Structures are given as structure tokens and as C-alpha cells.
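Worksheet: the structure to be examined is printed underneath.
Readers should treat all values here as calculations from the given coordinates under stated rules, not as data from a laboratory. As the structure is a prediction and not an experimental result, all values here were calculated from the model. In this analysis, Cβ positions are derived from the backbone assuming ideal geometry, glycine residues included, and neighbour counts consider all displayed protein chains.
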Amino acid sequence: MVDTVRSKSDLLTQLFQDGQTAGISAQDLRDLIVSFAQPYGGLYFSSAAESTIAVAGTFVKAAGTTTTTNLHLVDDASSTSNRLRYTGTIPMHFQIWASVSLSLASGTNQTAAIQLYKYDESGSAGALIAGSDVRSDVAATDELNLTCIADVSLDTNDYIELHVANISGTVNLTVDRGYIAMTGTLV
């Protein structure tokens, strides 16, 4: 038989019930094992590029080329930079971490920000993840280090991206270095 990834609720109500009189099959155990194989993945910015800031305070997808690493039930949606997509078959709860070094293209004393973005495939829409917004001031030649963390539920083909903003002006920002990682757990 084919191994089936199951939700926690399905495991508890269908395969491993209280007072269960029927035996547990080898396939039941295989389904349990594949269900607990957590999805995970990461990417790093392997080539920096300026993110164009047209409007102060507006978040845009961080530019640059990224390289994925250590993927299980996660991919980069056909080599799309700055994107981690969940490819599993059941909804999962994910913890996401992003840590980046930013610099200004020019100018001085700007407030830079990062925030995680979630695209919901079933709803065909995306939004910034509330609570993941992190900001700090950066001088002209400084490199700013920012880290954000978020918790979010993802279904099949939902994805995460890193977005950046210049809160105080329209000076472009560059993610010089950065890493994004995500790990899922059963819900």
C-alpha cells in the first residue's frame, strides 16, 4: 500500500482510537512514521541585489538570488528566488526564522524593516505576516542586521517570502546576506 501522511486528528480518531479492539497494522505504523516526518527547509541569499523602494513604508519582495538547502516537503517553487513553498499534503503549523544583513544604496539615516510574507494558494492571495515586522535605523555605510520570527499555518503550495521596506524614505535596500528557515509540525 501507499504510505499516507495523516493529521494528528486523523491518527487519533481513525488509526489509534481509545478502546480500540482491532489490531494495529504494519501500514498504520508506516502512516504514523511518515506523518511525523516534519517538513523543513531553508534558503540563503547567494547573490545580493538592490530591492527597489518606490514608496516609503511599503514592503516589497527582497531582491537577490537565493539557494535552497536541506529540503524535505519544501521547495523553491521551480527555482523562484526568495521563496520557500510547502509541498506536503496536509495542513501544518510552521515556525519561520529569517536573519538578514541589509545595506542602503545611498543616503543616510534611514529606517529599514523586514517582514515575512505568506501566499495562500487556495485563496490566490498573500499578505504580510502580522507580528513579524522588525525595524531599525541604518546610517549610510553601515550594514544592519535584522532577525524576525513567525508562526503560521500552511497548506499545500502555500509559500513564504522575505519582504523589505524603507520606512523613512525611498532609498533602495540590499539584502547582502541572509538565511530563511522553516520547520513544520502536525496540527
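Worth pointing out:
- In this structure, T58 and T156 have a Cβ-Cβ separation that, at R0 = 41 Å, corresponds to a calculated FRET efficiency of about 0.85.
- Sum of -39500 (n - 2.57) over DSSP H runs of 4+, divided by residues of the chain (222 nm, nearest 500): -1500 deg cm²/dmol
- For the chain, the longest principal axis of the Cα atoms and the long axis of helix 26-35 meet at an angle of about 10 degrees.
- One entry in (1) 10.7; (2) 14.6; (3) 11.8 is mean projected area of the Cα convex hull in nm² calculated from the shown coordinates; its label is (3).
- Residues I129, I114 arranged by fewest to most Cβ contacts within 10 Å: I129, I114
- Couplings 3J(HN,Hα) of region 80-87, computed from phi: 7, 5, 6, 8, 10, 10, 7, 10 Hz, in residue order, whole Hz [Karplus 6.51 cos²θ - 1.76 cosθ + 1.60, θ = phi - 60°; x for Gly and Pro].
- Peptides 163-173, 148-158 ranked from most to least packed by the mean count of surrounding Cβ atoms within 10 Å: 163-173, 148-158.
- Most mobile listed residue (V175, V100, V55) in the chain, GNM with C-alpha springs under 10 Å: V55
- Largest mean-square fluctuation among T58, T87, T21, in a Gaussian network model of the chain whose springs join Cα atoms under 10 Å apart, belongs to T21.
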